[in-house]
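Trainee: Questions regarding the structure given below will be posed in turn.
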Amino acid sequence: MIHNSFVILTSLLCVLKASGFVSRPAVRAPIAASCQATDINDNTELMDRRNVFSQLLTVGLSTQIITPMLVQAATMGGIGSSQDKPIVVLGAGGRVGKLCVEILASRRLYVCATTRSGRRVIDNDSSYVSYAPADVTKYESVGNALKGASGCIFAASASGKNAGGEPPAVEFLGAYNTGKACLANNVAKLVLISSTAVTRPNSLGFKATNFSVKFSIGDRVMDAKIAGEAAIRELYADSNGPAYCIVRPGGLQNREESAGSANVHVSQGDVYASEIGRIDVAETCVAALLKGKATDFTTSEVNLVEGLIKCQRGLPDLPKELIHAGAPSFDSLLDGLLTDAEMQERYPELLNPDFRGDGLPSLDILISQ
């Protein structure tokens, strides 16, 4: 009975989507006593698949059939969230992290925004946003923040020795601590924000990025980012459940509005680069988190179509299956990604797996400091 109802409802959803029916009246959950919050756009349309069955309520389907399915729908094809199991955004005080919080809350998903101090990061109150302290350079701190989390976005970034930490401590050790804590707490998916050209140490982008922040936040930020990626892949090598997804944005822009998914270019192989607005990076990270198995164990670069170039001279043209552009949504922009294992099997010539950064302290030394 339940299985048949599920099939019928899924089929009906396809018809409703084709007809443009995607919104529903807001149904607000009670506010938890401990929740500090910020209210973000109660009229936002819901586009992700986990809201399928709550949308169908508005066309008069029996709540006796649909209500039991809502819990199941919340974990199908994506990450669910609740007040007890929020999505955790690490580094929510940064510009991309803050945007991730705002996007998640606008979709009525419970999100815990973390900074080192646990401070408020958005101005308005919302029943969907809570706050907690988390220092990614300290395993116990990030582990506490991730207890009960349904998903995690790592948006933390180095901010200097006297602030949040230099690149090795944040981008390398912080990524390691986060991956380890996600696995220990059975967090369904970790989205790690890295950078384009991170596997191309001879590229202008790699060298220029390292030099541009050397005297402000610390040396070798790109080396630390690729070391962090490698640490995550090693931690998750034997995982049959929790997954990671690595998103590598190009040069970050401050844009008030999204360029739109149709103007965003996603690729694999670390070949292309351009600039991209922080808002579009955040949209991509949220889509990657919520999409489900389609983005598990994947790595991709995200750039604007405009200004797109190869990040290093002599790199080959990518085959069509590694390029995703012109999509009607950020969710569909991520369709068809190959896993890291599939990339290694099919396109080993594009990868640089032996490069894990130069001039960095070992992980053992970073842990002991």
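Trainee: From the residues in region 216-253 that are of a type in the set (Asp, Glu) and open to solvent by less than 40 Å² (accessible area, probe 1.4 Å), which one is nearest to residue 178 (Cα to Cα)? Can you show your working first?
Mentor: Applying the first criterion (of a type in the set (Asp, Glu)) to region 216-253 yields 219, 223, 229, 234, 238.
Still in the running and open to solvent by less than 40 Å² (accessible area, probe 1.4 Å): 223, 229.
On the way: 223: 18, 229: 11 Å.
Of everything passing the filter in region 216-253, 229 is nearest to residue 178 (Cα to Cα).
Trainee: Take region 145-180 and flag every residue that is among the β-branched types (Val, Ile, Thr) and either in contact with a helix residue (DSSP H, G or I) (Cβ under 6 Å, 6 or more places away or on another chain) or assigned to a loop (DSSP other than H, G, I, E, B) (or both).
Mentor: 153, 178
Trainee: Residue 142: assigned to a loop (DSSP other than H, G, I, E, B), of a type in the set (Val, Ile, Thr) and either open to solvent by less than 10 Å² (accessible area, probe 1.4 Å) or modelled with pLDDT of 95 or more (or both), yes or no? Please lay out each step first, then the result.
Mentor: Working: assigned to a loop (DSSP other than H, G, I, E, B): no; of a type in the set (Val, Ile, Thr): yes; either open to solvent by less than 10 Å² (accessible area, probe 1.4 Å) or modelled with pLDDT of 95 or more (or both): yes.
When the stated conditions are applied, residue 142 does not pass them.
Trainee: Quick check on my filter: what residues within region 159-175 are touching an Asp or Glu at 6+ places or on another chain (Cβ under 9 Å) and crowded, with 24+ Cβ neighbours inside 10 Å?
Mentor: Filtering region 159-175 down to residues touching an Asp or Glu at 6+ places or on another chain (Cβ under 9 Å) leaves 159-160, 164-168, 171-172, 174-175.
The answer is 165, 167, 168, 171, 172, 174, 175.
Trainee: Being outside any helix (DSSP H, G or I), more than 17 Å from residue 301 (Cα to Cα) and in contact (Cβ under 8 Å) with a residue 40 or more places away in the chain is the filter here; which residues of region 181-235 pass it?
Mentor: Filtering region 181-235 for residues outside any helix (DSSP H, G or I) gives 185-203, 214-220.
Pick out the ones that are also more than 17 Å from residue 301 (Cα to Cα) and you get 185-189, 202, 214-220.
Listed by number, the residues that qualify are 185, 186, 187, 188, 189, 202, 216, 217, 218, 219, 220.
Trainee: Contact list please: Cβ distance under 6 Å, first residue in region 345-369 and touching a residue at least 24 places away in the same chain (Cβ under 8 Å), second residue among the charged types (D, E, K, R), pairs at least six apart or on different chains.
Mentor: The qualifying pairs are 357/223; 358/223; 359/220; 360/223.
Trainee: For residue 96, indicate whether it is more than 15 Å from residue 285 (Cα to Cα) and either among the β-branched types (Val, Ile, Thr) or assigned to a strand (DSSP E or B) (or both). Break it down into steps so the answer makes sense when it comes.
Mentor: Values: more than 15 Å from residue 285 (Cα to Cα): no; either among the β-branched types (Val, Ile, Thr) or assigned to a strand (DSSP E or B) (or both): yes.
No, not satisfied.
Trainee: For region 320-330, which positions are open to solvent by 60 Å² or more (accessible area, probe 1.4 Å) and part of a helix (DSSP H, G or I)?
Mentor: If the condition is that a residue be open to solvent by 60 Å² or more (accessible area, probe 1.4 Å) and part of a helix (DSSP H, G or I), then 320, 321 are the ones that fit.
Trainee: Which numbered condition trips up residue 182, out of (1) modelled with pLDDT under 95; (2) within 14 Å of the chain's Cα centre (by Cα)?
Mentor: (1)
Trainee: Only one of these is among the aliphatic types (A, V, I, L, M) and open to solvent by 10 Å² or more (accessible area, probe 1.4 Å): 213, 198, 191. Name it. Before you say what the answer is, go through the steps one by one.
Mentor: Details: 198 fails: open to solvent by 10 Å² or more (accessible area, probe 1.4 Å); 191 fails: open to solvent by 10 Å² or more (accessible area, probe 1.4 Å).
That would be 213, the only listed residue that is among the aliphatic types (A, V, I, L, M) and open to solvent by 10 Å² or more (accessible area, probe 1.4 Å).
Trainee: Next up: Taking residue 342 and the conditions (1) in contact (Cβ under 8 Å) with a residue 60 or more places away in the chain; (2) not in a strand (DSSP E or B), which numbered condition does it fall short on, given that it satisfies the others?
Mentor: Failing condition for residue 342: (1).
Trainee: Next question, about the same structure. Looking only at residues in region 301-316 that are open to solvent by 40 Å² or more (accessible area, probe 1.4 Å) and in contact (Cβ under 8 Å) with a residue 12 or more places away in the chain, which one is farthest from residue 259 (Cα to Cα)?
Mentor: Per the criteria, the residue is 316.
Trainee: Let me ask another. Suppose we keep only residues that are charged (D, E, K, R) and open to solvent by 10 Å² or more (accessible area, probe 1.4 Å) within region 268-290. Which one would you say is nearest to residue 81 (Cα to Cα)? Explain how you work it out, then say what you get.
Mentor: Filtering region 268-290 for residues charged (D, E, K, R) gives 270, 275, 278, 280, 283.
From the residues that got through so far, the ones that are open to solvent by 10 Å² or more (accessible area, probe 1.4 Å) too are 275, 278, 283.
Values: 275: 32, 278: 24, 283: 17 Å.
Taking the candidates together, the pick is 283.
Trainee: What's the total number of residues in region 85-108 that are hydrophobic (A, V, I, L, M, F, W, C), more than 11 Å from the chain's Cα centre (by Cα) and open to solvent by 10 Å² or more (accessible area, probe 1.4 Å)?
Mentor: The qualifying residues number 2.
The values are calculated or read from the model by the stated rules, or taken from the named source; none is laboratory data. This is a predicted model, so every value here is computed, not measured. A quick note on method: Cβ atoms are made from the backbone with ideal geometry, for glycine too, and the neighbour counts reach across all protein chains shown. For accessibility, only protein heavy atoms count, side chains too; no ligands or nucleic acids. Shrake-Rupley method; radii C 1.70, N 1.55, O 1.52, S 1.80 Å.
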